[in-house]
1. Can you name every residue in the range 372-414 that is assigned to a loop (DSSP other than H, G, I, E, B), open to solvent by less than 80 Å² (accessible area, probe 1.4 Å) and touching a strand residue (DSSP E or B) at 6+ places or on another chain (Cβ under 9 Å)?
2. Regarding the range 645-663, can at least one residue be identified that is closer than 30 Å to GLU149 by Cα, under 33 Å from the mean Cα position of the chain (by Cα) and of a type in the set (S, T, N, Q)?
3. Condition (residue is farther than 19 Å from ALA653 by Cα, among the polar types (S, T, N, Q) and over 19 Å from the mean Cα position of the chain (by Cα)) applied to the range 131-153: is it met by at least one residue?
4. Is it the case that the range 175-192 has a residue that's open to solvent by less than 20 Å² (accessible area, probe 1.4 Å), closer than 23 Å to SER234 by Cβ and either of a type in the set (A, V, I, L, M, F, W, C) or assigned to a strand (DSSP E or B) (or both)?
5. Can you tell me which residue within the range 608-638, out of those that are among the hydrophobic types (A, V, I, L, M, F, W, C), part of a helix (DSSP H, G or I) and out of contact with any strand residue (DSSP E or B) (no Cβ under 7 Å at 6 or more places or on another chain), is least open to solvent (accessible area, probe 1.4 Å)?
6. Determine which member of the set ALA287, ALA221, ALA268, ALA229 is closer than 30 Å to ASN762 by Cβ, among the hydrophobic types (A, V, I, L, M, F, W, C) and over 24 Å from the mean Cα position of the chain (by Cα).
7. Can you give me the number of residues within the range 436-458 that are in a loop (DSSP other than H, G, I, E, B) and either small (Gly, Ala, Ser) or at pLDDT 95 or above (or both)?
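The values are calculated or read from the model by the stated rules, or taken from the named source; none is laboratory data. Please read all numbers here as calculations on a predicted model, not as lab measurements. Cβ: placed from backbone, ideal geometry, glycine included. Neighbour counts: every protein chain shown. Protein only, heavy atoms only, side chains kept; ligands, DNA and RNA dropped before computing areas. Shrake-Rupley method; radii C 1.70, N 1.55, O 1.52, S 1.80 Å.
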Amino acid sequence: MKPELLAPAGGYDAALAAFQYGADAVYVGLPRFSARAEADNLSLEQLRLLLAYAHTFTPAKKVYVTFNTLVPEADFPGTIELLLALDELGPDGVIIQDLGVARLIREHFPNLTLHASTQLAVHNLDGVLALKSLGFKRVVLARELTLAEIQKLVQEVGVEIEIFVHGALCYSTSGLCLFSAMMQERSGNRGRCAYCCREGFSCEGEKGTRYPFSMKDLSLAPILDKVVATGVHSLKIEGRMKSPLYVACLSDYYRKKLDNRLTQQAEAQLIQDVQTVFSRPWTTLYAEGRTASPETVIDPVAIGHRGARIGEVDAILNEQERGRWLRFKTSRALEKHDGIQVDLPGGGKPFGFAVTQMRLKGRPQTVITAPAGAVVELALPEGVPFIPQSTPVYCSASQAVRRRYEMRSVRESELKIGLPVDFEIVLSPDGMRLVATVSHFMKCETGDSSVRAEIFSPMVLEKAKQPERTPEAVRKAFERLGEAAWTLGTLTVKDPDGCYAPASKLNELRRLAVARLDELWDARRTARLAHICQQVASLEGEDACHAVALRRRMPSRTEDKAAARTLKVRAARAFSDVSRSSEDFASCERLVLLLGHEPYEQVRQQLSGWKAACPGLQLRLALPLMSRETERQTLRDTVRRLVAEGWRDWECADLAGWYLLKQQGITPLTADWSLYVFNRMAAAELAHLGFHSCVLSPECDLPTALALVGGPLQPEYLVYQHVPLFISETRPCMDQASSTGADAFTFSDRRGRGFVTHELDNRWITTSDQPLDRRDEAQDLPFAATRIDLSWSGIL
């Protein structure tokens, strides 16, 4: 069975393009709660149209809605309203990052299908099984997994698995990047990433600017047969910020490749077409295994769109009267208004210009088109930088490609839009009686899910001369429901006396019915919204321990009792190093030891050292932030043996860790920051799983943090941390000359801010050289516990 081809759609036109060029499904965002907040995104009315259009295909195509951001407590009422609207529209799935939103859907909108976003950073079997237990029907895996790891997950879980096959790559693991939020005040977890990994940095000991974190674009097309063989359910193309042309071109390419409809020559042409629309250099990342060379996945020299390579600079011609001309032999047909880019000696963004004048070598007159294989001369704009001979030349925009991918617009009149209404009309000599029923699929907590309107219009109806034509006349009147909210479902006409129904009276009856349905539906929606909000806000009844209060409560802390303080360090570090680096060590009440992926005997030795160094201090063990499937078995064995030794106090940083401990009969007490508690519903979900407290994310602002005080979990306020801005599987692309040690690099951005990248537990961690320090301000805040986290400090 072929996997689903899933295309991105930042706007309505892009979604149409995806469907028209072969995608089986699209994922779209709405103006709020989307991880691509700056994409065009769709209005609810456009989503209604798109769903109707998707259902015109046989088999019907699918539409998934992205709700893949973290939702602060203040935004939660808007979340309920939007989910209610989605429940009425009925998309094929909702892609979720926030655990509070997932719980809200599960409890109040069960007809919405839950898809786990890649922002949940799922790397192993435990992570998938945890999400399955929480009601997710599909899991989008982290991009860093190998095909072998993916295939193992597909074979062992009973949920749909979705993977990315094409598009931009984040340097950091998706969902765990804090660089944009902490350094630019633009949260990637809130859909406003500033793409800091694409910025230039200056490395110590080097001249010029490099792009050590700028990833190449993912493309699994060269190994698509192997990808399909893993058995994954859905192949996802990234690109909701891209144009409809990009979506059309990529959908067409992957559709034809999946269907085995491409010759080698045709595929080469399609790849070039794709690259003219948008393309960085391509990589298969780690699909076929880890690589020691970061250059295979990172382009440290150039950034942005390159295009399709079509030649090399032969010469720059200087003509006194006609300006400067770029000469090269083109491997691709060109025409006026195409886009051209050339790499610059210093790297960075290529220099680009449009073809305004073009001529063939040796001919003075200009031409509109030039064939492949011709030596062409293109007029250069003023201010062009120095371009050396043999510099690569790219076609970065093609008029021919634009013509090849014309998109057909879809008229609203072509679509069956709105909820179906079943009408029963009874004609009698004394009038017309109508019953209109809307039986929607959504669960209604306040009673019957249907809406029913009954209308009797008294009048005198004469005998019809041609009673056999009455049903068709009635249908003609009731097919024109007007507003997009309703569409004709079934129509039953009962006319035992053979009455004549005037068209004007039928139209009037229809208008009365639509007005009444609108009134009843709005009342039902209002009642349902109020009921859900009441349930969510209530702390009474069976869900008292983990329900969400939308009201604000901020209990005061007694003046004579300071907040409890916990200190987190890596178990692999020496006690002497930590005690020297933390003046607050002596004041902590609990020490949290972060385990790595070392074998059990090594971990046991580490813990013995800490127990000896800290007699009487409460010790808690913390699982690694993430574990690949290849690391999971070692970690599972370590945890099993430590639990058998009596270690019962645990902290975990992802759902995979929670599930692993659950299998050992342990409920973790603390959720670290990467489980992202931004609202009380998320806190309720973790409380339901057995957690007692949570460490608030460093990007959680103070109003959101305060709103969580007194909620289902005790929040620990993070007061000190070298924030892990990037957490990556990939070593940054830096020369050894800039190294401050074998496994650490220092560098600065264009603002002069300093950073360090170091290797910890087989990941590359980038931090600022300046820690987040809130210790002074936290003294006057009502948090019962605060956290000092030294686990990411590395060499600092």
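1. ALA372, GLY373, ALA374, LEU380, PRO381, VAL384, PRO385, ILE387, PRO388, SER390, THR391, SER398
2. Scanning the range 645-663 turns up at least one residue that is closer than 30 Å to GLU149 by Cα, under 33 Å from the mean Cα position of the chain (by Cα) and of a type in the set (S, T, N, Q).
3. Yes, the range 131-153 has at least one match.
4. Checking the range 175-192: at least one residue is open to solvent by less than 20 Å² (accessible area, probe 1.4 Å), closer than 23 Å to SER234 by Cβ and either of a type in the set (A, V, I, L, M, F, W, C) or assigned to a strand (DSSP E or B) (or both).
5. LEU635
6. ALA229
7. Total satisfying the criteria: 2.
Yes or no, residue by residue, for (1) open to solvent by less than 10 Å² (accessible area, probe 1.4 Å); (2) charged (D, E, K, R):
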{"site": "ASP225", "(1), (2)": "no, yes"}
{"site": "GLY231", "(1), (2)": "no, no"}
{"site": "ARG240", "(1), (2)": "no, yes"}
{"site": "TYR246", "(1), (2)": "yes, no"}
{"site": "LEU258", "(1), (2)": "no, no"}
{"site": "THR263", "(1), (2)": "no, no"}
{"site": "ALA266", "(1), (2)": "no, no"}
{"site": "LEU270", "(1), (2)": "no, no"}
